[in-house]
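A short reminder: the numbers here are calculations on the coordinates, not readings from a lab. Note that the coordinates shown come from a computational prediction; the quantities given were computed from them, not determined experimentally. Glycine also receives a Cβ, built like all others from the backbone with ideal geometry; neighbour counts cover every protein chain displayed.
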Amino acid sequence: MTNKTILINNGNLGRMGKTMLSYTLYKTSKAPFKYVTNDLENASIDLVKNVKNGDLFHFPNGTEIDMDFEDNIIFDFGGKPDDRLIDVAEFVDMIIVPISYQSDSELELTVRNLNTLIEANPNIVVLINNTDPSDIKLVTAALKFNPAFKSIKILIINHSKYIRRLANDGLTVFEVAERNKGDATRLNKTIIPQFKELFKHLEINI
């Protein structure tokens, strides 16, 4: 696998599943990734505890991102304004925009964020996650309605109680499945194949 740089961001919106996705990619990829965040305080998981020593880099807004860019890197950015966002968006190979639908107003903000990001980098995946099935249709329709988003790939990870295990226990769904056969049976029906589809699109081996 050639080196991959991935930005995971939905503007200033929080509670979109950004850290859940970033951490799952970090933990599950066969290739080692560096984990870069602009916010440790509001992360849904204790990154200092769960990311390996030497892999975690914290660069708050207003500081220089001072690191080796020759590695595989996940940029877990968002939930607050960051002046460096467009520079990072232009640099990375892929942008993942997670959305966990809560309201029409947040969907409108996601569309605005996509309009900004796509000007910097057209390689974008929208990941609809932790969203009721009826609302997934609404989000998908809103995105496909905009002709500027034709190049954007839309993927889905179903709403699931297992996603909460990340925040509670620091476990990805893959690790949950490895530890319990009953959980594995349920996860392998939908959730794990959906994550695998994302990894395949990113060309990341797991």
### Query
Only one of (1) part of a helix (DSSP H, G or I); (2) closer than 30 Å to Lys189 by Cα is not met by Pro98, so which one is it?
(1)
### Asn130 being over 27 Å from Asp71 (Cβ atoms), in contact (Cβ under 8 Å) with a residue 12 or more places away in the chain and of a type in the set (S, T, N, Q)
yes
### Query
Which of the residues belonging to the range 160-172 are part of a loop (DSSP other than H, G, I, E, B) and crowded, with 18+ Cβ neighbours inside 10 Å?
Leu171, Thr172
### Message
List the residue pairs whose Cβ atoms are under 9 Å apart, where the first residue sits in the range 177-195 and is farther than 15 Å from Leu166 by Cβ, the second is among the small types (Gly, Ala, Ser), and the two are 6 or more positions apart or on different chains.
### Response
Ala184/Ala177; Thr185/Ala177; Arg186/Ser160; Arg186/Ala177; Asn188/Ala177; Thr190/Ser160
### Message
Residues that are without any contact (Cβ under 8 Å) to a residue 40 or more places away in the chain and farther than 21 Å from Leu107 by Cα: list the strands (runs of 3 or more DSSP E) wholly contained in the range 1-69 that include at least 3 such residues.
### Response
56-58
### Task
Looking for whichever is touching a strand residue (DSSP E or B) at 6+ places or on another chain (Cβ under 7 Å), surrounded by fewer than 18 Cβ atoms within 10 Å (Cβ to Cβ) and in contact (Cβ under 8 Å) with a residue 60 or more places away in the chain here; the options are Asp76, Asp93. Which one fits?
Asp93
### Query
Of the residues Glu203, Glu175, which single one is loosely packed, with under 14 Cβ neighbours inside 10 Å and either in contact with a helix residue (DSSP H, G or I) (Cβ under 7 Å, 6 or more places away or on another chain) or under 22 Å from Ile73 (Cα atoms) (or both)?
Glu203
#### Entry: Residues located in the range 103-148, provided they are within 17 Å of the chain's Cα centre (by Cα) and not in a helix (DSSP H, G or I)
Asn121, Pro122, Asn123, Ile124, Val125, Val126, Leu127, Ile128, Asn129, Asn130, Thr131
